[in-house]
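Input: a single structure, listed below in structure tokens.
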Amino acid sequence: MNIKHNIESDRLTFWEKIYIPEIAKGLASTFKTMFQPKFTRSYPEEKMVPSPSFRGRPVLVQEEEGGRCVACGLCSRVCPALAIEVQPAETDKEKERFPKVFEINMLRCIFCGFCEEVCPEEAIVMSQDYELVFTSQEDAILPKEKLLVPIKNLQDRLEWLRQYR
Amino acid sequence: MNVTSKSQIEEINRIRNHKLYKELMSQDVSLYMNDALENDLILNMGPQHPATHGVLRVVLRLDGETIINAVPELGYLHRGYEKLAENATYHEFIPHTDRLDYISPMSNNVAIALAIENALGIEAPPRAQWIRTLVAEMARISSHLMAIGSTCLDLGAMTVFLWTFIEREKLYDLFQEICGARFTTSYSRIGGVANDIPDNVINGIRKWLDEFPALLKKAEALVDRNRIFIDRMAGVGYLSKERAIALGASGPTLRGSGVPRDLRKDNPYLVYEQIDFNIITLNDGDTLARYMVRVKEMYESAKILHQILDKLPQGEVKLNQPKKVLPNKSEIYTKMEELIHDFMLINYGAAPEKGETYTAIESPKGELGFFIVSDGTGQPWKLKIHSPSATNLQTLSEMARGSMIADMVVIIGSVDPIMGEADK
């Protein structure tokens, strides 16, 4: 039998033992808290504004002449959740390689940011986008067209990366 | 062996239950059987019980309301992380550690990074070490806030839970500022940390830290002189000093029984040698002692954080050793050599020497260790996780024996098991 004598309750004073002042104190604290500002946010109306360090949906950087990606496949290799699929193709332009297929399966993505960390071309970055709702599994597999985001929308993140990473 | 047919599954279940009940019946029963009408009752608590903090199943053998024996059964959240590690490079395994002890991912990241660095024979630069200490202590506070909040919630004191959650929420906002994610941080890297902490975030941490002890005091004062709370906590789930050591407990479970063991002092890692703090021990060995150890440790952590913020040095946050540590991004973009190293490190991984290393840190739950057996390639041959929750849960039957069934909830809460870590 492992019950020890209840030492702590002996240390309580008489007023603490009869419990009535404790109830009064508890109610007082309840009323006090009623007039304090609320901590929660009513979400769909008030949205969270993420800092540049936030790791949201991974996107591809789109410049005026096209995407930066050269389809080296490093992001696909490092991805711990195996969410990225890259199939390379070649052209005659200055940048010889480009991804024929670039898919990110958002059902698998764990937002670790490793793809962004290893990319040698600064082509894939984590955006500030955190509202990800899909109505079917097929919608969640994002093709290249949906992943490309103009570079001007990603300036915050790119600057943060250059400064702190 | 491939389990395919239904009869095989039934056979496995039969063997498992047989083992469980054998364990359960090991105690002498005649002592408790005063009345011929009394019969023992076998009761399953969990795995879907809200007070078991996840999917812990405890099989209880009851005599009336008294627990004669309790056997915890683990494994309902087994995801095979030790096996997964064998098929991933060391770098790839870092996000997996977020999901071990999912209440304090930051300290898990620090633990795995230290373990890999120990195997590789490298050391992170000073600023990275200090930043790691900073985030590990913040993780300790957030974990203990959760632990004391949920213990109080199990007893019906909902306000404490909500108030500690507000503080935890503020900490998670700070984690998001530091590394970009609230929960699955993946912040530490081999040879440093993922990114530097901006100065405005350091100021944010300082601002939070100035307010924190007063707010904790306020939340603590809700219950610390409450008669119902103390009656339900004090004297319940007693674990003696000798048994705690014998069963391999660690962390607050061990220190609550009066054993001053803390790896931060006993085997200093990171920069704990340069920091002044005390180990909290209480001698009562009951659930209240373990609860109070957690509360007091938070004040100590706040003290440590103040010292870290004052002493935080400037400099690099990642080691410059391109054969083992990922190079900086600006160098990858401009230099050929670093680009090649980037590709090599990701494809083949940083390879430690052939051999075995064990590295442990004092995580919020206790001693969290990683035992790495390397065969000289970029992937571990074996990666054993010594998780504090699994060892602490072994003390459960010792604590539960002889107490009332209603105390079981408090006892589980005081051990603070995280099943993601216990089942791996």
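Would you work out which of A:Leu158, A:Gly113, A:Val125 lies farthest towards the positive end of the dipole of the stretch A:58-164? Charges go on Cβ: Lys and Arg +1, Asp and Glu -1. Looking along the dipole axis, the top candidate is A:Gly113.
Give me the one-decimal Kirkwood hydrodynamic radius in Å for chain B, with the sum taken over alpha-carbon pairs. Over chain B, the inverse of the mean reciprocal pair distance is 22.9 Å. Accessible surface for the protein assembly as shown, divided over its residues, is 46 Å² per residue with a 1.4 Å probe.
Relative to the dominant Cα principal axis of chain A, helix A:20-34 is inclined by about 30°.
Only protein heavy atoms count here; on that basis, with a 1.4 Å probe, B:Thr287 has an accessible area of about 0 Å². Surface composition of the protein assembly as shown: carbon plus sulfur atoms contribute 54% of the solvent-accessible area (1.4 Å probe, protein chains only, all chains present). What the Kirkwood sum gives for the protein assembly as shown is a hydrodynamic radius of 26.2 Å, with every pair of different alpha carbons counted.
Please identify which residues in the stretch A:58-99 have an amide N closer than 11 Å to a label point set 7 Å out from the Cα of A:Asp129, following the Cα→Cβ vector. Only A:58-61 fall inside the zone, counting backbone N under 11 Å. Computed about its Cα centre, the charge dipole of the protein assembly as shown is approximately 560 debye, with only Lys, Arg, Asp and Glu carrying charge at their Cβ. By the Cβ distance rule (another cysteine Cβ under 4.7 Å), the unpaired cysteines of chain A are A:Cys69, A:Cys72, A:Cys79, A:Cys109, A:Cys112, A:Cys119. The magnitude of the dipole of chain B, with charges of +1 and -1 set on the Cβ of Lys/Arg and Asp/Glu and taken from the Cα centre, is near 260 debye. Name the residues of the stretch B:59-96, by number, that are at least 30 Å² less accessible with every protein chain in place than in the isolated chain; the surface is that of heavy atoms, probe 1.4 Å, without ligands or nucleic acids. Buried-area filter returns B:His91, B:Glu92, B:Pro95. State the answer as a single residue: which of B:Ile304, B:Ala194, B:Ser143 lies farthest towards the positive end of the charge dipole of chain B, with beta carbon charges of +1 for Lys and Arg and -1 for Asp and Glu, about the Cα centre. Positive-end residue among those listed: B:Ala194. Annotation: lysines with alpha-carbon distance below 22 angstrom to B:Lys207 (same-chain offsets under eight excluded): A:Lys38, B:Lys170, B:Lys217, B:Lys218, B:Lys296, B:Lys303, B:Lys311. When all protein chains stay in place and ligands, DNA and RNA are ignored, the 1.4 Å accessible-area order of A:Lys144, B:Lys207, largest first, is B:Lys207, A:Lys144. Loop-resident GluC sites (Glu not before Pro) (DSSP state other than H, G, I, E or B) in the stretch B:272-342 with no more than 15 further Cβ atoms inside 10 Å of their Cβ: B:Glu316. Normalising the Debye intensity of chain A to I(0), with uniform scatterers on Cα atoms only, and taking log10 at q = 0.13, 0.20 Å⁻¹ returns -0.70, -1.37.
Straight Cα distances below 29 angstrom link B:Lys382 to the lysines B:Lys19, B:Lys83, B:Lys265, B:Lys318, B:Lys323, B:Lys324, B:Lys354, B:Lys365, B:Lys424, with same-chain residues fewer than 8 positions distant left out. Ordered by 1.4 Å accessible area with all protein chains kept, B:Phe370, B:Phe161, A:Phe35 run largest first as A:Phe35, B:Phe161, B:Phe370. Once the Cα atoms are used to define both axes, helix A:155-164 deviates from the longest principal axis of chain A by about 80 degrees. Ligands, DNA and RNA aside, B:Ile245 has an accessible area near 100 Å² when probed at 1.4 Å.
Calculated from the alpha-carbon coordinates, the stretch B:117-216 shows an Rg and a Dmax of 15.5, 50 Å respectively. Under 13 Å from the Cβ of B:Ser186, count the other residues' Cβ atoms, weight Lys and Arg +1, Asp and Glu -1, and hand me the total. Around B:Ser186, the surrounding residues sum to 0. The length gained on full extension between B:Lys335 and B:Glu123, counted as 0.36 nm times the residue separation minus their Cα-Cα distance, comes to 73.9 nm. In this simple spin-label approximation, A:Glu94 and B:Gln314 carry label points 7 Å from Cα along the Cα→Cβ vector, and these lie 3.8 nm apart. In a simple Cβ point-charge model (Lys, Arg +1; Asp, Glu -1; nothing else charged), the stretch B:32-149 has a dipole of about 520 debye relative to its Cα centre. When the accessible area of each residue in the stretch A:118-165 is compared between its chain alone and the complete protein assembly (1.4 Å probe; ligands, DNA and RNA ignored), which residues differ by at least 40 Å², being lower in the assembly? With the partner chains in place, the stretch A:118-165 has these residues losing at least 40 Å²: A:Val118, A:Pro120, A:Trp160, A:Tyr164, A:Arg165.
Sites listed here are GluC sites (Glu not before Pro) in the stretch A:23-67 whose DSSP assignment is loop and whose Cβ has at most 13 other Cβ atoms within 10 Å: A:Glu45, A:Glu46, A:Glu64, A:Glu65. When only Cα pairs below 8 angstrom with a gap of at least 6 residues are kept, chain B shows a relative contact order of 25 percent.
Check each residue of the stretch B:342-373 and keep those whose accessible area, probe 1.4 Å, is at least 40 Å² smaller with all protein chains in place than in the chain alone; give them in order of residue number. So the qualifying set is B:Phe343, B:Ile346, B:Asn347. Both chains summed, the buried accessible area for A and B stands near 4400 Å², from protein heavy atoms and a 1.4 Å probe.
The values are calculated or read from the model by the stated rules, or taken from the named source; none is laboratory data. Quantities reported herein were computed from a predicted structural model and do not represent experimental measurements. Neighbour counts run over all protein chains shown; Cβ positions are idealised from the backbone, glycine included. Each accessible area value is taken on the protein alone, full model and side chains, heavy atoms only, with ligands, DNA and RNA left out. Shrake-Rupley method; radii C 1.70, N 1.55, O 1.52, S 1.80 Å.
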